[in-house]
Structure formats: structure tokens, C-alpha cells
Ligand code: FAD
């Protein structure tokens with residue numbers, strides 16, 4: 001690019017200043033720098049037909065989180081002599097207009113592995129190439145470039161049969177199917193030994209943007225959403241400033257970082273969650289996963305001993321990259337049909353069962369409380385996600401994992417295409433993990449961590465006065481206790497054999513279903529196991545072979 005010409009940095013994820021190679025490169029030698037974010041109405045505008053407040057694609061919590069992140073970015077850019085230019089419309093079309101209007105010679109944006117961006121970016125790159133515009137699209141959302149891992153990975157058969165050979169010259173063109181083989185191939189990321197650029201002191205000014213339909217970052221109300229009460233919204237605020245504050249808070253407790261062991265965390269801890277709650281910031285790139293990685297390494301260097309992957313905090317970031325690599329290298333990763341790593345299982349498509357699960361009326365307080373936390377906060381602990389995903393699919397209801405995935409995709413503030421699909425494949429024993437006999441009990445699992453049921457009382461206030469002896473199985477409480485607790489089961493909280501205040505049809509259906517489920521989780525889970533066993537028998541192909549390495553990992 002001729003020095004002195006115009007650059008455009010296109011923010012999609014990567015909503016940050018620190019460790020942002022696209023922004024850094026765009027700023028170099030430019031007379032004018034145009035920092036752009038395009039609001040795609042399909043993603044952002046209210047959809048009154050959706051099952052919960054939000055757009056067609058995202059719940060209102062995530063949209064608010066994104067707007068807060070954009071406002072924070074705008075404020076940081078202004079401190080550097082720039083600002084965020086917000087435009088509205090179909091992203092490709094808006095971008096082409098801007099490139100032309102502002103005579104852009106260099107276009108910079110973070111590389112994105114999601115299918116949506118893969119398709120869009122091909123069009124953008126073609127347009128830019130025809131117009132003689134330089135494109136710089138670095139990999140900075142993940143620790144590794146998934147394509148490099150796939151390129152380095154030896155043949156499929158070596159991985160599948162546990163005789164993995166690092167020196168193998170053969171290349172499968174496929175991603176590692178186990179975390180352990182991913183670790184072996186990945187090693188240390190190439191950038192990790194030198195310090196990342198975390199501060200920028202100034203940026204080139206923004207050129208003339210009159211008559212281009214530029215706006216400030218809109219508020220939720222300006223996008224057409226109604227004002228919501230604070231208790232209906234997530235307590236987590238979006239933005240890079242908040243991300244870095246949260247990161248520092250976690251890293252300051254060196255002992256906690258050094259001893260972090262994911263499976264030991266308490267999924268019911270909500271006032272002070274057992275994990276970092278950095279996932280929404282990583283999702284939008286308000287926090288660089290590479291910077292996070294370096295901070296953890298700094299802590300680890302200065303302590304006597306620390307935990308290791310897969311359970312350590314560093315190990316969690318590697319899980320993220322593992323799923324990104326698997327998703328990038330697997331066609332149709334987000335569905336059962338046509339997905340070569342996904343077991344074919346005859347799931348049901350029962351929308352009523354799905355709705356009972358989604359709307360927190362299964363009658364199992366532990367499961368329902370988690371689903372309320374999802375609706376209200378858009379975030380739950382990893383093991384809580386395990387419980388509800390297992391319950392919906394292979395544990396009790398036998399509903400298709402894609403349906404649960406869709407609900408998570410909409411409601412999570414950290415909703416991430418690769419990680420969400422990867423974990424649903426895992427939890428439903430469709431891929432990666434195959435121990436379908438290990439089912440989470442919707443009663444005893446939560447009780448182990450929270451015998452008093454404080455988590456349930458908080459997210460399901462209707463049960464707040466239920467004595468702890470009954471809070472996980474309120475249908476077993478004598479009527480006198482239910483009356484005293486001001487919660488009659490079957491009236492105030494679901495139970496199949498009492499008159500229900502819920503929709504009559506659903507009630508009738510509950511009558512038939514819940515004598516299997518509420519009354520006997522044992523029966524439902526046994527049936528599920530039998531169905532899985534049959535399906536596995538039918539799936540006995542090489543691709544469906546059990547991966548011994550992953551069976552050893554307790555997550
Ligand atoms: P920490 O334990 O503090 O971990 C730090 C970071 O490591 C996380 O922020 C996340 O980026 C990464 N990480 C941790 N666990 C995993 C994991 N199992 N897989 C991949 N990356 C991981 N996570 C998402 O970010 N987006 C999703 O859409 C998502 N959907 C999920 C769906 C299901 C059914 C399940 C079981 C898990 C899902 N997860 C998802 C993974 C995990 O639950 C969250 O990343 C984690 O709970 C976020 O909390 P944290 O930031 O406090 O995690």
C-alpha cells in the first residue's frame with residue numbers, strides 16, 4: 001500500500017484494542033483509518049415471533065452484551081483519536097459501499113472460521129482483489145490456526161487406533177478427533193514466546209464520513225427493544241474494559257489459577273462462580289485468547305506447581321482451540337446428517353418435551369433452575385450445562401441434540417458456533433465422548449454440591465421455602481409441608497399427577513411422560529441407554545470407533 005492512503009478495519013469479533021493485529025496493521029502508515037462495525041438487522045433487530053425476547057438469531061442478553069462491547073470499543077478508540085463507525089445493512093453490501101466511497105487501499109479484518117464468515121469473506125476478498133485493495137486477515141481469535149493443526153496432523157488411522165506417531169509424514173487433511181492427540185500436535189503456539197502488543201498510543205484520524213449513514217452505537221431501545229427490569233438481564237457487562245478487569249481479578253489470585261481443576265468446580269456457585277466467566281468476552285473477542293494464555297503462563301512460571309491440561313485453566317483454552325479445529329475441519333459439523341464424526345442416533349423431535357425443558361418446567365428443580373439461569377443470565381457453569389444437555393438428550397428425554405443446541409445458541413451470551421456444537425456432540429455421546437452409561441442424575445448431582453438447594457431457591461423462587469429434604473424432589477414432600485412452603489406441587493410447580501396451572505395440552509402430555517420421568521428418572525435413563533446401545537451397534541463403523549484416550553478424561 002502506498003504510504004499515506006486509506007485503511008479500513010472491519011470489526012466483527014475481535015472487539016478490542018489489545019492484541020489486535022488487524023487494527024495494528026491497518027493503522028500502519030495510513031493517512032486515514034476507518035474503524036467499522038456493521039449492524040446486520042437479521043442478527044440485531046427484534047423478532048416478535050421468537051420464543052424469547054431477542055432477534056431471529058440471538059437473545060436480548062447477548063445483543064445487549066454486544067452493544068456494550070461496541071460502546072466500550074468506541075470509547076477506547078476515541079481516546080486514541082479515532083471512533084467507531086457504525087453502519088446498518090447486509091454486511092457485504094455495506095462494506096463494498098464503504099470501500100468505494102472512502103477510496104480504501106487496505107482492508108483488515110480478523111480471520112474467522114465460522115461457515116457464515118467463510119462464505120462472506122470469500123466474496124469480500126474477491127471484491128477487494130478485483131478493486132486492487134490489499135487484504136490483511138490474520139488469525140487472532142484462537143491460539144492456533146486450525147488449518148495449520150489439520151495440516152500437521154498425521155493420518156486418521158493412527159489417531160483412531162491409539163498408535164499415534166508424531167513423526168508420521170502422512171497427512172489426513174482431517175482434524176484430530178481427541179483432545180490428547182490435538183495437544184500432541186499443537187505444542188506451544190508460535191507467538192507465545194514473545195510479548196503481544198497490548199497497548200496502542202494513537203491511531204490515524206477518521207476521514208470524511210458525511211452522508212454515509214454513520215451512526216453512534218445504538219442502545220437496545222434504539223434497536224426497538226423494550227426496557228427490561230434489571231433482574232431479567234444478565235449481570236455480566238460487555239466490553240474489553242470489563243474483560244480485562246475480570247481477567248486481572250482472576251490472575252491476581254495466583255493460587256486459584258495454579259490449582260484450577262475444572263471437574264472440581266461447584267456448578268451451583270452463582271454469587272462467586274467457580275470459573276472465570278470470561279467466555280462471553282472470548283466469544284466476542286473483547287478478550288484475546290492469546291493474551292489470556294500468556295497471562296496464565298506468567299502465573300504458572302511463578303508458582304511451585306500447577307495443574308495441567310485437560311483440567312487446568314490453560315487446558316480450558318486448549319479445549320476451545322480443540323473444538324475450533326474440529327469444527328473447521330469437519331463438514332456439516334453442526335448437524336447429524338452428513339457429519340462423518342457424528343453417530344447416527346434416532347433422536348425424537350418432540351417439541352413439547354423440548355418446550356418443557358427450554359421453559360424450565362420439567363419438574364426437576366435442579367434442571368429447571370439451570371434453565372432459568374440460562375434464560376436470565378445467558379451463562380451457566382460448564383457442569384450445569386452438562387446436566388441439562390444430558391437430560392435433554394441421552395439422559396432422559398431423548399430429544400435431538402440439534403434442538404438443544406439451538407436453544408443454547410440463542411440464549412447463551414457466550415454462544416459460539418464451534419464450541420457449542422462441539423459440546424452438544426460430546427454431551428449427547430454423538431462424538432468425541434462415548435460413555436453413554438454415565439448419566440447425570442437430575443436429583444443427586446446438584447445435591448452433592450449444594451445440599452441446601454440455595455441455587456434452586458435463587459433461580460426458582462417458588463421453591464424458596466421448601467425444606468432442604470425435599471428441594472431436589474419436591475413431589476415427595478407431604479402436602480402439609482408444601483402448604484407451609486407456599487408451593488403446591490402440581491399447582492405452583494409442575495408435577496404430572498396434580499392439576500397443573502400450565503397449558504392443558506402440555507399437562508396431559510406431562511401426565512403420560514412424567515410418570516416415566518419425574519417419578520422415575522431410573523426408567524427413562526435406562527430406556528435411553530438401551531436406545532443408545534442399539535444405535536451404537538448400528539454405527540459400528542471405523543469412524544465411530546471409541547476413542548480410548550478421551551474415555552480416560554473426566555470432565
Ligand atoms: P473457564 O473454565 O474459566 O474457562 C476459560 C475459557 O476456556 C472459557 O471461557 C472458554 O473459552 C474455554 N473453555 C472452557 N471450557 C470449555 C469447553 N468445554 N469447550 C471449549 N472451550 C472451553 N462455551 C462457549 O464459550 N460457548 C458456547 O456456546 C458453549 N456451549 C456449550 C454447550 C454445552 C452443552 C456445554 C456442555 C458446554 C458449552 N460451552 C460453551 C463450554 C463451557 O461450558 C464454557 O466455555 C464455560 O462454562 C465458560 O465459562 P468460563 O469462561 O468461566 O470457563
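The values are calculated or read from the model by the stated rules, or taken from the named source; none is laboratory data. Since this is a predicted model, take the numbers as computed values, not measurements. As a convention, Cβ positions derive from the backbone with ideal geometry for all residues, glycine included, and neighbour counts pool all protein chains shown.
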State whether the residues of the range 92-110 include one that is assigned to a loop (DSSP other than H, G, I, E, B), at pLDDT below 95 and surrounded by 20 or more Cβ atoms within 10 Å (Cβ to Cβ).
-> no
Find the residue count for the range 369-395, including only residues that are more than 9 Å from the ligand (Cβ to nearest atom) and over 20 Å from residue 434 (Cβ atoms).
-> 10
What about residue 291, is it modelled with pLDDT under 95, away from the ligand (no atom under 11 Å from the Cβ) and on the phi < 0 side of the Ramachandran plot?
-> no
In the range 337-368, anything assigned to a helix (DSSP H, G or I) and within 16 Å of the ligand (Cβ to nearest atom) is listed as 354, 357, 358, 366, 367
Among residues of the range 257-288 being assigned to a helix (DSSP H, G or I) and more than 11 Å from the ligand (Cβ to nearest atom), the residue nearest to residue 21 (Cα to Cα) is 258
Out of the residues in the range 396-439 that are without any contact (Cβ under 8 Å) to a residue 40 or more places away in the chain and more than 9 Å from the ligand (Cβ to nearest atom), which is surrounded by the fewest Cβ atoms within 10 Å (Cβ to Cβ)?
-> 438
Given the conditions (1) over 26 Å from residue 148 (Cβ atoms); (2) at pLDDT below 95, every one holds for residue 195 apart from (1)
Do we have residue 149 as over 20 Å from residue 20 (Cβ atoms), assigned by the TED database to the domain that holds residue 322 and not in a strand (DSSP E or B) here?
-> yes
